[in-house]
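What follows is a short report on a single structure.
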Amino acid sequence: MPNRTTADEEFDADLVGMLAAPHAVPLGLKPDVPWFDFDLVIELGLGYVNRGESAAAEAVATAALASRSAKVQAAGQLVTALLQLSRGRYRRAWARAGKAAKVTDPDVAAEVAFARGLILEGRGNNRDASHQYALVAESGRYRSIGRGALAFGEMLLRETEGWDQDAYDVLGAAVDSGFPEAVGSALLAQATLADRSGDMDMAEFLYREATGASVPRAAAQAAFHLGDILRERGDLAGAREQFRAASRSSDPEFSAKGALNLGVLLMEAGEAAEAIELFGFAAASSYEPAAARGHGHLGLLSIDAGDPRTAEHHLRIALRCKDPQLQAGARKGLDHIRNSGR
């Protein structure tokens with residue numbers, strides 16, 4: 001594993017701040033200033049893609065493609081490849097990676113291998129994807145190594161239902177890389193393995209470590225699962241803290257899930273007013289399964305409050321979801337309203 005220099009650490013610290021400002025940073029990018037180099041394009045572009053900030057990633061790619069440097073242009077092609085991959089356009093992604101590969105440079109080759117690994121994995125060709133990730137591991141670029149080890153480890157994680165020592169070890173390489181973009185997500189994946197195997201002490205430790213991930217979704221997911229473990233262990237105050245952290249994240253899925261779980265804990269403790277607020281937050285989420293549950297809770301609480309009209313509104317929305325359990329609860333609530341009106 002290559003050693004990180006002080007310059008690397010400073011770059012990574014600056015990168016965390018830039019990735020947190022996707023609506024401001026890309027506006028200041030110029031294609032031919034000295035600091036707009038291959039590394040910055042790759043890390044900003046891929047970081048924005050990883051956060052679902054497509055417009056910011058496109059702005060980075062556009063500036064890179066306008067550069068006079070062939071290497072920076074290659075970085076623009078690779079960012080565009082990952083944008084295409086995020087939209088399920090495998091052929092276009094592969095073609096973009098191929099354009100980048102025409103630039104003969106070891107840094108470019110490492111990132112081309114990473115992109116090709118993701119594309120092949122997306123197509124279900126895990127064997128060839130593994131070969132590409134192995135090329136990344138041999139590259140000597142520590143950010144590439146961390147990113148590639150994370151992708152390879154997560155692929156192995158998806159292939160198993162229980163413990164997988166190979167996956168855990170590969171994810172460990174991502175953690176050891178020290179690259180912030182890889183460390184937190186790798187810890188989260190390791191925690192998932194421990195959780196699956198029933199080692200809840202290790203899972204709790206790893207989830208707690210992963211709550212500090214620089215990738216917002218990974219941090220929110222870790223907080224949510226840590227909250228679940230703490231609730232099961234009777235630490236309701238700790239569970240509340242983690243569910244609240246998840247609910248305040250920018251991730252649509254886990255912010256809504258965190259709000260729902262926190263709302264249930266508050267409702268069980270008799271703190272109905274804040275619970276209703278949290279269920280309303282979940283109901284307004286773009287993550288439909290959690291939104292349906294939010295409406296379901298609001299519907300049942302409206303029945304208890306003697307407001308059948310509001311209850312029916314929420315329960316009919318909840319009824320549209322595909323969750324049989326939630327559908328059954330919504331039907332039961334609607335039946336109660338109809339029977340009460342007779």
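Can you give me the Rg/Rh ratio for the range 46-139, using Cα atoms for both radii and the Kirkwood formula for Rh?
On the way: Rg = 12.5 Å, Rh = 13.0 Å.
We get a ratio of 0.96 for the range 46-139.
Find the all-direction average of the projected area of the Cα convex hull for the range 255-342, expressing the result in square nanometres with one decimal place. If you can, show how the numbers build up before the last one.
Values: hull surface 20.6 nm².
One quarter of the hull surface, i.e. the mean projection, equals 5.2 nm².
Karplus couplings for the range 25-35 from phi (6.51 cos²θ - 1.76 cosθ + 1.60, θ = phi - 60°), rounded to Hz, Gly and Pro as x?
Ordered by residue, 3J(HN,Hα) equals 4, x, 5, x, 7, 10, x, 10, 7, x, 7 Hz.
Could you tell me what % of all Cα pairs in the range 106-223 have separations over 26 Å?
Working: 1081 of 6903 pairs.
The answer is 16 percent, as a whole percent.
Give me the percent relative contact order of the chain, please, defined on Cα pairs under 8 angstrom at least 6 residues apart.
Working: 542 pairs, mean separation 25.2, N = 342.
Taking the mean separation of contacting Cα pairs over the length of the chain, I get 7 percent.
Rg/Rh for the range 283-322: what does it come to with C-alpha atoms and Rh from Kirkwood?
On the way: Rg = 9.5 Å, Rh = 9.7 Å.
Ratio of gyration radius to Kirkwood radius: 0.98.
Taking the Cα centre of each part, how many Å lie between the range 293-342 and the range 166-245?
A separation of 35 Å, based on Cα centres.
Could you please put T211, T6 in sequence from largest to smallest accessible area, using a 1.4 Å probe?
So the residues, ranked largest to smallest area, are T6, T211.
Check the straight Cα-Cα distances from K332 and name the lysines below 26 Å, setting aside those fewer than 8 residues away within the same chain.
Candidates past the 8-residue exclusion: K257, K322.
Where does the chain land at 222 nm, in deg cm²/dmol rounded to the nearest 500, when only DSSP H runs of n ≥ 4 count, each adding -39500 (n - 2.57), divided by all residues? Could the numbers behind the result be given before it?
Details: 18 runs with 258 residues, N = 342.
Helix contribution divided over all residues of the chain: -24500 deg cm²/dmol.
With the Cα gyration tensor of the chain in hand, convert its eigenvalues to equivalent ellipsoid semi-axes via √(5λ) and list them largest first in whole Å. Walk me through the numbers on the way to the answer.
Values: eigenvalues 358, 100, 69 Å².
In descending order, the three semi-axes are 42, 22, 19 Å.
Could you tell me how many degrees, from 0 to 90 and to the nearest 10, lie between the Cα long axis of helix 180-197 and the main elongation axis, the longest principal axis, of the Cα atoms of the chain?
Computed tilt is about 50 degrees.
Averaged over all directions, how much area does the convex hull of the C-alpha atoms of the range 1-100 cover when projected, in nm²?
Numbers: hull surface 26.8 nm².
Spelled out: convex hull of the Cα atoms, projected over all directions, averaged, 6.7 nm².
Please work out the average accessible area per residue across the range 1-113, using the 1.4 Å probe convention, and give it in Å². Walk me through the intermediate numbers first.
Details: 5540 Å² over 113 residues.
That works out to 49 Å² for each residue.
Which angle from 0 to 90°, rounded to the nearest 10, does the C-alpha axis of helix 165-176 make with the longest principal axis of the chain?
Its long axis makes an angle of about 70 degrees.
Where the accessible area of the chain is counted over protein heavy atoms with a 1.4 Å probe, how much of it, in %, is carbon and sulfur? Could you put the intermediate results ahead of the total?
Values: 8290 of 16370 Å².
Solvent-exposed carbon and sulfur of the chain make up 51 percent of the total.
The values are calculated or read from the model by the stated rules, or taken from the named source; none is laboratory data. Every value quoted in this text rests on a predicted model; they were computed, and no experiment measured them. Only protein heavy atoms, including side chains, enter the accessible area calculation; ligands, DNA and RNA are left aside. Shrake-Rupley method; radii C 1.70, N 1.55, O 1.52, S 1.80 Å.
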